[in-house]
Amino acid sequence: MSALNLVADRINALEESATLGMSKKSRELAAQGHKVINLSVGEPDFKTPKHICDAAKAAIDAGFHHYTPVAGIPELRKAIADKLKRENNIDWKPENIVVSTGAKHSLANVISCLINPGDEVAILSPYWVSYSEMVKLAEGKSVIVEGKFENDFKVKPEQLEAAITERTKIVMYASPNNPTGSIYSEAELRALAAVIEKHENVFVLADEIYEYINFTDEGHFSMGSIPSMKDRVITVNGFAKGFAMTGWRLGYIAAAKWIADAVEKLQGQVTSGTNSIAQRAAVVAWEDTSAAEMMKMAYLRRRNLVVGLLREIPGFKVNMPDGAFYAFPDVSYYFGKSDGNITIKDADQLCMWLLETAHVALVGGGSFGAPNCLRLSTAASDEALTEAVARVKAALANLK
Ligand SMILES: Cc1ncc(COP(=O)(O)O)c(C=O)c1O
């Protein structure tokens, strides 16, 4: 029996991360001496703001080295509850907050706590790759609801209505969105909420991890702030994107007490409370948001640069992302075209071809539920972005 056969079925059923093959190929090319520009990553290229780092150092020096309460240290849960009240108009107590090891962990916790085998999760697409795999792990069924390019990759209320069945337990979305950068406005979220409200056993998992990278005049709106939805919306957020803290691994949920209690129970048996130093550091995050604002302005400048350049590539259809740090062009114009050797069939294959020929690493949209598109991260310098798009444009000119 091969070793693979000894792995549990639920793990064998999981997809490998979409970027894995690309990363491997990137490393091979770099080892051969090629200058690969990597725009496949989903993390800020900035450092964590100094006041947060200083608080972490102080926590180490003060001997804050031990297990914390499972749901998080009281001062962080309070700081998060205060933030949600102040910025999001969501009024929960610290006991409604559970701090976890990244927003990814928070999402997986909630899905594990709410989904029974066969329950359906309506995922607004394009969606972050891990959503459907988390649902699979919980033996649930993902129902993908497609936000079309023409509607700025957003799902309309009537589409959601048609996707909800007797088995639907959760509606899940990210706004601002990874991979599209699209943002559901207050009016759009209220319209979706009106659909969900009619189905009393349906909950909402609102992933707001890119909240601070929002370029709209309207700003961020949380579905959890709608009073009639408050008990049904689980708001997920974290520190990774807005405060450039991906490696610190800190995320949180804000939810009705019975959901927070279930997540705490699960976490108590699996991971316990997250890193003590990171929690202490995060308490001070909101004392100075100037670095977060500076990063947002840099992403905005790069968005304008990259969208302008991408729109000059023949055949590319490029939406204008309202937030996050990605561009997500529709590249289907190139499907069926060939360099005389390889015929491109989808965006995943086009990405691999671009990596090999132009030495630019991007991510195909297949695993985001959008096989016509590819994702380019703008978390890179202006020079790298300009050079990368120029290389892509030159390479594509060889596809006939
Ligand atoms: C939409 C979305 N949600 C959640 C996460 C996970 O965030 P964290 O690093 O806090 O686990 C990511 C990270 O890429 C993301 O893109």
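The values are calculated or read from the model by the stated rules, or taken from the named source; none is laboratory data. As the structure is a prediction and not an experimental result, all values here were calculated from the model. Backbone-built Cβ (ideal geometry, glycine too); neighbour counts: all protein chains shown. Just so you know, the surface numbers come from the protein's heavy atoms only, side chains and all, with ligands and any DNA or RNA stripped out. Shrake-Rupley method; radii C 1.70, N 1.55, O 1.52, S 1.80 Å.
Points worth noting:
- Selected residue (criterion: farthest from Ala262 (Cα to Cα)) from residues of segment 93-135 that are away from the ligand (no atom under 13 Å from the Cβ) and open to solvent by 30 Å² or more (accessible area, probe 1.4 Å): Gly118
- Condition check for Ile313: in a loop (DSSP other than H, G, I, E, B) and either touching a Cys at 6+ places or on another chain (Cβ under 7 Å) or at pLDDT 95 or above (or both): yes
- In the set Ala71, Ala81, only one residue is open to solvent by less than 30 Å² (accessible area, probe 1.4 Å), within 18 Å of Asn275 (Cβ to Cβ) and either outside any helix (DSSP H, G or I) or among the aliphatic types (A, V, I, L, M) (or both); that residue is Ala71.
- A single entry from Trp258, Trp248 fulfils the requirement of being more than 16 Å from the ligand (Cβ to nearest atom), closer than 23 Å to His105 by Cα and not charged (D, E, K, R): Trp258.
- Neighbours by Cβ (under 8 Å, 6+ apart or cross-chain): first from segment 191-215, more than 23 Å from Asn178 (Cα to Cα); second open to solvent by less than 40 Å² (accessible area, probe 1.4 Å) and among the acidic types (Asp, Glu): none
- Looking across Ile123, Ile115, Ile90, Ile97, one residue alone is within 22 Å of Thr246 (Cβ to Cβ) and in contact (Cβ under 8 Å) with a residue 40 or more places away in the chain. It is Ile97.
- Of all the residues in segment 267-303, those that are open to solvent by less than 60 Å² (accessible area, probe 1.4 Å) and in a helix (DSSP H, G or I) number 20.
- Leading residue by the ranking (farthest from the ligand (Cβ to nearest atom)) among those in segment 192-238 that are of a type in the set (Ser, Thr, Tyr), open to solvent by 30 Å² or more (accessible area, probe 1.4 Å) and over 18 Å from the mean Cα position of the chain (by Cα): Ser228
- Residue list for segment 342-400, restricted to those being among the hydroxyl-bearing types (Ser, Thr, Tyr), buried (at least 22 other Cβ atoms within 10 Å of the Cβ) and part of a helix (DSSP H, G or I): Ser367
- Qualifying residue in segment 221-234 (condition: within 26 Å of Lys47 (Cβ to Cβ) and of a type in the set (A, V, I, L, M, F, W, C)): no
Table: residues versus (1) part of a helix (DSSP H, G or I); (2) among the hydroxyl-bearing types (Ser, Thr, Tyr).
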{"residue": "Val121", "(1), (2)": "no, no"}
{"residue": "Glu133", "(1), (2)": "yes, no"}
{"residue": "Glu150", "(1), (2)": "yes, no"}
{"residue": "Glu158", "(1), (2)": "yes, no"}
{"residue": "Ile170", "(1), (2)": "no, no"}
{"residue": "Gly181", "(1), (2)": "no, no"}
{"residue": "Tyr212", "(1), (2)": "no, yes"}
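- Pairs with Cβ under 9 Å, 6+ apart, first in segment 236-259 and assigned to a helix (DSSP H, G or I), second within 8 Å of the ligand (Cβ to nearest atom) and modelled with pLDDT of 95 or more: Thr246/Gly102; Thr246/Phe239; Thr246/Ala240; Gly247/Ala240; Trp248/Gly102; Trp248/Phe239; Trp248/Ala240
- Listed conditions (1) more than 25 Å from Ala379 (Cα to Cα); (2) part of a loop (DSSP other than H, G, I, E, B) are all met by Ser40, apart from (1).
- Meets criteria (exposed (fewer than 13 other Cβ atoms within 10 Å of the Cβ), over 19 Å from the mean Cα position of the chain (by Cα), over 23 Å from Glu293 (Cα atoms) and modelled with pLDDT under 95) for Ala62: no
- Number of residues in segment 308-323 that are open to solvent by 70 Å² or more (accessible area, probe 1.4 Å) and under 18 Å from Ala379 (Cα atoms) equals 1.
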